[in-house]
Every structure is written in C-alpha cells, then in structure tokens.
1. Answer with one residue from 63, 169, 1: the one whose Cα lies farthest towards the positive end of the charge dipole of the chain, charges on Cβ with Lys, Arg +1 and Asp, Glu -1.
2. Strictly over 30 Å apart at the Cα level, which of 4/299; 185/299; 4/329 would you flag in this model?
3. Any chance you could check the Cα centroid distance between region 170-217 and region 57-72 for me, in angstrom?
4. What does DSSP give for the chain in terms of the percent of beta bridges that are antiparallel, rounded to the nearest 5?
5. Taking a point 7 angstrom from the Cα of residue 76 along the C-beta vector, which residues in region 25-68 have backbone N less than 18 Å away?
6. Using the per-residue mean of other Cβ atoms lying within 10 Å as a proxy for protection, in what order, highest first, do the peptides 253-261, 69-77 fall?
7. Would you mind getting the accessible area per residue of region 81-162, heavy atoms of the protein chains only, 1.4 Å probe, in Å²?
8. Excluding residues fewer than 8 places away in the same chain, name every one of the aspartates and glutamates whose C-alpha is closer than 18 Å to that of residue 17.
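The values are calculated or read from the model by the stated rules, or taken from the named source; none is laboratory data. As the structure is a prediction and not an experimental result, all values here were calculated from the model. Reconstructed Cβ throughout: ideal geometry from the backbone, glycine too, with neighbour counts over all protein chains shown. Areas reflect the complete protein model, heavy atoms only, side chains present, ligands, DNA and RNA absent. Shrake-Rupley method; radii C 1.70, N 1.55, O 1.52, S 1.80 Å.
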Amino acid sequence: MKEKMRALIFPEPWDVKIIEVDIPKPKPNEVLAEIHSVGICGSDVGIFEGEHWIVAHEPGGHGHETGAIAVEVGKNIEGISEGDHLARMGQGYAEYSTHVNVMGHGKDELYGALPIVRNDLSTDEISFADALGCAINCFERAEFERIDGEKKAVVIGLGPIGLILTQILLNNGIEVACSEPFHHKRNLAEKWGAKVFNPNEFSRATHGNETVFNQIKREFGEAHAVFEMVGKNETLLDAIYLVKSGFRVVVFGAQKMQYIPYVNCRKKGVELIYPEAMVNSKLDKDYWNEALNMIASRKLDFENLITKRITLEEAVDVFKYYNRQEWIKIIVEPHRKK
C-alpha cells in the first residue's frame, strides 16, 4: 500500500488547499477506511467562509457525510473486515481516514466508537446517513405525536436537510408548505407533494410590505411546527409568525449567534427547539442505524439531490466558488483522481 495520500486542508477562512500527507496507521482499536464518497455539507461551506462555530484545521477537514470502505482493520476490532462498506467515518476530505464521526459534528466525540458496517448500501447511499439523521432528529423534536387530527408543517429553506425533512414529513402524512427562493429545489418538493412558495416573487415595488410568509399564512394557515433551516434572525421571526400558538419552531439553520425574539415567543407561547445533529440528548439516542435503515428502505429520493460528483482537486474550486443557487448536493470522491 502507498504511504502518502491527498487531502484537503482548511487553514483559515476562504483558504483551502490540497496537500499530500502520510496515510494514517490504524491503532489496534481503529479502522483505516478509503473514503469513496463525501457530501459537501452547508456546515463545511460555513467553516470555509469563517461563518460557522466548528473549527476543523486537520487534513480531511470537517468532511463528515462519508461513505467508505475498510482497507485495514486494527487487531482488536471484531465485526469489521477489509472490503466492508462503512458509515460514520470523519475527516473525509481525504483519500483515507481513521476518524469516526458520531455526533454529526465531524469528530469522534464518543470515545472508542467504531464505524458501522452496511454492505447492503452503496457508499453514495451511506454518505447521506448524516444528513438524514439530522432530518429525523428535527422531525422527532417537533413531537407531532402530541397532535390529534390533521397536522401541518412549514419548512423554511430547502437545502439538502430541508429537502430530506420534507420527504419525511410527507411520508408521515403531514401537510407541508415550503419557502425556497431557488426553483429547482421548489420543483423537487412540489413533485413529492408539498405546497411551495417563492419569496423572490415579493418586492417592495409590487407587494409593499407583504411577504411570502403572509401568503403562506393566508393560503396554507398556521402550522403545528415550523422548521427554520436557513440560519438567519429574520427567518426565525418568520417561523414564529407562522407557527400556531403554543407549538414549536425547530431551529436547525446554523449561525454563530442568534438573537432570541423574546416578546414574539412569549406572546404566542412558542417553544424554540435547537436539535443537535445526529444525537437527541432528550431521548439519549443517536440516529445512525435509524438513518441507514431508512436509506435501505428506498422510500426517500436521494439521487435527485446529487448535483454532481467531483474529485478532491475539483473540490478546491467548488469551495471557493460555491453556487448555492444551482447546487443541492455535491459528492466528492477522494479516491478518484482527475
């Protein structure tokens, strides 16, 4: 086996380089995995731009949406063999890694955790487990089981997790409305059965002070849960406006600091819920196996979320010129050379 590998490194905001480093040697309780697929998460773009709280300067960066194949197994490891397809590897913007991603924050916060073997899934499919687990967490934290009768939800922002969450909501019989400025994302949600609304249709010149959220409230009504997937103080206010009194706004859009609109929440008795990534501390559980099993059920559309597949070399420019308008999910294939 060769001794060197290619990896991306993110030394400071707006700086990404491809470097050559030693391939890590697995310790007796570790697995060396070849990274075949790693999805670029919005948090990775935020880290690159210096707008996220996570810091990831090591080779491989914060690459956490991975699908990998075991190439060397530590002598103390049981149940994992060379050639197995692996979930929850971390530091994935590299050809190889020994790091394990448990919490969904890109590092091994659970000491001694191992990757999960799923030979029934492709590495592309496995790479969606992290995003899917986050979406399941958002869905569960809304606690729809407390609600009798018809249920409504609003999703503000259709990034990959917002799109996956929309499918979960619809599959559970919940009526869904989505606000999203980019047409190809709206088109997917509409195809699956959601009602979609375009904030770009509203301007001061044509609508005065009316916004898309006034339209949603008028045509769809208030929701039992609103999912804020954008990460802006303005959209948090919009989410509170759209939720029924006494119900929950689930906040998953990432930012370093978010102001709590106390008066808005207090007047409606709104609960703000901030889910972790792959972990639900309230229930003391993680979502890896549930997410992987849901992928295996083939009840969710992931293929239409993939915009393109690229090499590590191509990923340098993709980070520098990331196109939020046109792209949904970019899959980096570190093992593949340009």
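1. Of the candidates, 169 comes out farthest on the positive side.
2. 4/299
3. Here the two parts' Cα centres lie 36 Å apart.
4. Counting DSSP beta bridges with both partners in the chain, the antiparallel share is about 55 percent.
5. Residues passing the 18 Å test: 25-33.
6. Peptide ranking by packing, descending: 69-77, 253-261.
7. Dividing the accessible area of region 81-162 by its residue count gives 34 Å².
8. In chain and number order, the partners are 44, 49, 58, 95, 313, 314, 317, 333.
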